[in-house]
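In what follows, a structure is listed as structure tokens, so that the remarks can point back to it.
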Amino acid sequence: MSDIVAADAIILVGGQGTRLRPLTLSAPKPMLPTAGVPFLQHLLARIAEAGIKRVILGTAYKAEVFSDYFGDGSEFGLEIVYVQETEPMGTGGGIRNVLSKIQSDNVMIFNGDVLSGADLKAIYQTHIDNDADVTLHLVRVSDPRAFGCVPTDMDGRVTAFLEKTEDPPTDQINAGCYVFKKKVVEAIPSGRPVSVEREVFPGLLRDGSRVYGHVDMAYWKDMGTPDDFVQGSSDLVRGIAPSPVLNGHRGDSLVHPGAGVAPGAWLLGGTVVGRGAEVAAGARLDGAILFDGAKVEAGARIERSIIGAGAIVGPRALIRDAVIGDGAHVGARCEFLRGARIWPGVVIPDNGVRFSTDV
Ligand code: GDD
Ligand code: MG
């Protein structure tokens with residue numbers, strides 16, 4: 001059968017999320033709270049909505065956090081199977097490592113940190129129509145250098161795969177979603193780390209395998225950096241990025257039941273206020289993400305920043321384009337700007353000092 005309903009999905013969730021430290025010291029990147037639920041729940045909902053029934057999670061870093069939350073998947077309308085790497089095997093090694101669990105002739109494979117509105121059935125159909133060995137979902141971005149650059153010919157056949165190149169020949173990039181024939185997974189070397197981007201794709205192209213691209217214009221964002229995570233979360237809250245989990249929610253903010261927002265606090269730009277978090281009067285949050293139990297005191301300003309679980313932002317502090325680790329305490333009138341990161345539990349005394357580096 002060539003219907004997507006028959007295909008298993010594999011999601012790669014074994015990365016360490018280093019660019020999102022210190023938040024990823026306590027939770028793997030796909031489990032960070034995003035518009036009310038772990039990021040991965042949005043992706044799983046899209047997979048279930050497309051008709052896929054079975055999902056294999058390729059885990060490595062903090063594997064137990066996934067199974068503790070998602071269990072056997074039945075609550076999410078899926079069967080979820082877990083495979084843990086004893087050492088990180090890379091993206092290709094992670095795919096090879098789940099081979100024994102694949103029950104379908106074609107598998108749909110996802111990077112676990114991509115927020116996207118792509119039509120999964122259409123990508124799968126492109127794969128079947130071309131009788132491809134591998135089909136890659138491709139999108140166009142303004143700066144392709146941080147991604148896998150993937151030129152295609154007139155028939156949509158992939159002509160090269162250039163991972164993170166300084167001089168990309170096209171703005172068309174690997175969107176981190178593929179369909180593989182099972183035999184392609186079988187051919188990946190086992191027992192050692194393998195990069196799908198640097199080894200498997202270039203190898204398939206050298207061998208003349210049928211590798212095709214499926215280009216679309218759907219919403220797409222890799223959530224791997226603080227800036228992109230903040231933007232993606234805000235896009236979900238404002239209804240710009242689609243997610244079946246949010247049931248059409250669209251607004252300037254998303255406040256969890258049980259959070260406390262005082263009258264006279266401003267919540268703008270797709271701000272999220274997590275469970276048990278508190279925002280005092282006169283605080284102004286624009287594109288902010290407050291994890292569970294975070295506390296923002298009177299008159300503080302937070303712009304495009306993430307405030308970790310249980311962290312405290314003191315009165316009239318200014319946090320802009322920064323990440324505050326779990327349980328950190330920013331004193332009154334402090335300013336953290338331009339990519340500053342505060343490590344978990346660090347206490348910054350009241351004094352209004354400006355920081356734009358890590359503390
Ligand atoms: N199981 C497992 N084992 N998963 C891993 C490992 C590993 O050793 N290493 C990384 N992953 C997972 C990550 O958790 C993530 O979900 C996915 O593989 C991709 O890793 P990233 O670290 O996020 O890669 P990237 O964003 O720099 O680049 C990749 O994604 C881009 C699109 O978002 C590449 O595939 C690029 O070509 C692509 O353009
Ligand atoms: Mg990524």
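The values are calculated or read from the model by the stated rules, or taken from the named source; none is laboratory data. Predicted model only: the values in this text are computed from it and were never measured. Cβ coordinates were reconstructed from backbone atoms using ideal geometry, including for glycine residues, and neighbour counts include every protein chain displayed. Heavy atoms of the whole protein, side chains included, go into the accessibility calculation; ligands, DNA and RNA do not. Shrake-Rupley method; radii C 1.70, N 1.55, O 1.52, S 1.80 Å.
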Subject >> Centre separation in Å (Cα based) which lies between the range 123-180 and the range 238-314 >> reply: 36
Subject >> Accessible area per residue, Å², the range 237-305 with all protein chains present, probe 1.4 Å >> reply: 43
Subject >> Label zone at residue 262, where the point sits 7 Å out along the Cα-to-Cβ direction: the range 292-334 residues whose backbone N lies under 13 Å >> reply: 295-301, 313-317
Original post:
If one takes the longest principal axis of the Cα atoms in the chain, at what angle in degrees, from 0 to 90 and to the nearest 10, does the Cα axis of helix 39-49 lie?
Top reply: 40
Subject >> Range of Cα positions in the chain per principal axis (Å), largest first >> reply: 63, 45, 37
Subject >> Accessible area of the range 192-343 belonging to carbon and sulfur atoms, whole % at 1.4 Å probe >> reply: 50
Subject >> Label-to-label distance, nm, for residues given as residue 354 and residue 145 (7 Å Cα→Cβ offset) >> reply: 2.6
**OP:** Using the charge dipole of the range 252-355 (Lys, Arg: +1 at Cβ; Asp, Glu: -1 at Cβ; taken about the Cα centre), state which of 317, 257, 327 has its Cα farthest towards the positive end.
**Re:** 317
**OP:** Report, in debye and to the nearest 20, how large the dipole of the chain comes out about its Cα centre when Lys and Arg carry +1 and Asp and Glu carry -1 on their Cβ.
**Re:** 640
Original post:
What lysines sit close enough to residue 29 to cross-link, taking a C-alpha to C-alpha distance under 22 Å and skipping anything fewer than 8 places away on the same chain?
Top reply: 62, 164, 221
Subject >> Table column - 3J(HN,Hα) (Hz), the range 323-340, Karplus curve with 6.51, -1.76, 1.60, x for Gly and Pro >> reply: 10, 10, x, 3, x, 6, 10, 9, x, 4, 6, 5, 10, 10, 10, 6, x, 5
Original post:
Between residue 167 and residue 337, what length comes free when the chain is fully extended (0.36 nm per residue of separation minus the Cα-Cα distance, one decimal in nm)?
Top reply: 58.1 nm
**OP:** For residue 181, list the aspartates and glutamates whose Cα falls under 20 Å from its own Cα; do not include residues on the same chain fewer than 8 positions away.
**Re:** 3, 8, 105, 119, 129, 131, 133, 155, 197, 199, 207
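With r as the distance between the Cβ atoms of residue 227 and residue 69 and R0 = 22 Å, compute the FRET efficiency 1/(1 + (r/R0)^6) and round to 0.05.
0.25
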Subject >> Percent of Cα-Cα distances greater than 22 Å, calculated over the range 169-323 >> reply: 53
Subject >> For the range 39-161: accessible area per residue (Å², 1.4 Å) >> reply: 40
Original post:
Across the range 182-190, in residue order, what do the Karplus-derived ³J(HN,Hα) couplings come to in whole Hz, using 6.51 cos²θ - 1.76 cosθ + 1.60 with θ = phi - 60° and x for Gly and Pro?
Top reply: 4, 5, 5, 5, 4, 7, 6, x, 9
Original post:
Hey, if you put +1 on the Cβ of every Lys and Arg and -1 on every Asp and Glu Cβ in the chain, which of 147, 95, 188 ends up farthest toward the positive end of that dipole?
Top reply: 147
Original post:
Can you give the convex hull volume per residue for the Cα atoms of the range 252-355, as a whole number of Å³?
Top reply: 62
